[in-house]
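The values are calculated or read from the model by the stated rules, or taken from the named source; none is laboratory data. What you see is a predicted model, and the numbers here were worked out from it, not measured in a lab. Don't worry about glycine lacking a Cβ; one is built from the backbone with ideal geometry, like all the others, and counts go over all protein chains shown. Just the protein is used for accessible areas: all its heavy atoms, side chains included, with ligands, DNA and RNA removed. Shrake-Rupley method; radii C 1.70, N 1.55, O 1.52, S 1.80 Å.
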Amino acid sequence: MSFVQIVCALSARLLFILHSLIAVGRVIFVKHSWYSFLTLLILPLVIEMVITLKRRRGKDYKWFSPAILLYLISVIPSIWILEDHYYRYDIKDTTNLTQKCQQLDESNISTNPGSQTRGIPHLDKGLRLLNSTCSDAWKLGLHQTLLLTLIIGKWLLPIGIGISKDQLSQLLLIFVGIAADILEFTSETLSEDKVKTNTVLVYTILAVWTWSMLQFPLHVAVINTESSDACQNPPSSSLLSTHKADIWNIIISLFIHDGPFFVVRMVVMCSYGVIHQMLVFFTIKNCLVVTLQLYRLYVIIEEYRTSH
């Protein structure tokens, strides 16, 4: 079992490193070779991998994952640079950009038979596809693969002490829902024409996106809630110790996820006049979640006062 844990821990971190290197490689291709210094951000993840494998036999922590946090630190700067380059330069030359690049769903990728890699023409076709892919397709692909890598990587990481397999499966399902909401938030808001031309608003959306990614290193959703039993919670216990998981989940929803998303969407609609069906729907959804979380907090406080 120890060998399997080490293999899984190593595989997850190698997956993180591979995705970070792909993001850095794209930055170097788009910008300049001196951006290769971004590979230094992967070094802390390598150091963490060595320390964890040596001291903890690859096991993760219960409430926090250093590997996921360091992975985010290594890949998010590259995505920021690509987003900045796209909205500063690429989007201003859409005609030439469309002629020079292709979307990923296009199948008419032309290849020169004389320049194909000997024996492996599909590799040559794949490389041409990557080099000719549009910047917006690249950045969307990095956003999508980032979220998928986080979920798969967390699944591969050995379970931390005090976390059951059932709790891990619940956490992964929560991650899937969070990832879908985050992807919808960025792709929906940044696709608006009035948003694309406003640099401050673009940076604000990217900052909220970065802030929301901090949900993934935190595992407060799997904090043991069995402490709600009366035998384990004497009358003198505090509100936080009695409802630790519930309160932390409410805090994350209000201040990291639904709360910031609701504010940004309201600003986009009210200040910039961007109103359409999907934006209104997700704004109402965020508003409902924030309201229900506040109501849940009120119920928890009232139940605690009644029982104490």
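For segment 53-82, a residue qualifies if it is closer than 18 Å to Leu147 by Cα and among the small types (Gly, Ala, Ser), and the qualifying residues are Ser65, Ala67, Ser74, Ser78. Here Val46 passes the criteria (1) closer than 27 Å to Leu190 by Cα; (2) surrounded by fewer than 18 Cβ atoms within 10 Å (Cβ to Cβ) except the one numbered (1). Restricting attention to segment 28-61, the residues that are more than 20 Å from Val4 (Cβ to Cβ) and either in contact with a Gly (Cβ under 6 Å, 6 or more places away or on another chain) or in a loop (DSSP other than H, G, I, E, B) (or both) add up to 2.
Return yes when Ile161 is buried (at least 19 other Cβ atoms within 10 Å of the Cβ) and closer than 30 Å to Gln5 by Cα and no when it is not. Judged against the criteria, Ile161 is not a match. I'm told Ala67 meets every condition in (1) crowded, with 17+ Cβ neighbours inside 10 Å; (2) under 30 Å from Leu201 (Cβ atoms) except one. Can you identify the failing condition by its number? For Ala67, the exception is condition (2). In segment 294-307, the residues that are open to solvent by less than 80 Å² (accessible area, probe 1.4 Å) form Cβ pairs under 6 Å with partners that are in a helix (DSSP H, G or I) and of a type in the set (A, V, I, L, M, F, W, C), at six or more places apart or across chains, as follows: Leu297/Ile250; Tyr304/Leu239. What about Thr189, is it over 26 Å from Met49 (Cβ atoms), modelled with pLDDT of 85 or more and among the polar types (S, T, N, Q)? So Thr189 passes the test. Here is a check on your reading of the model: is Thr111 modelled with pLDDT under 95 and assigned to a helix (DSSP H, G or I)? So Thr111 fails the test.
Restricting attention to segment 183-195, the residues that are surrounded by 16 or more Cβ atoms within 10 Å (Cβ to Cβ) and part of a helix (DSSP H, G or I) total 6.
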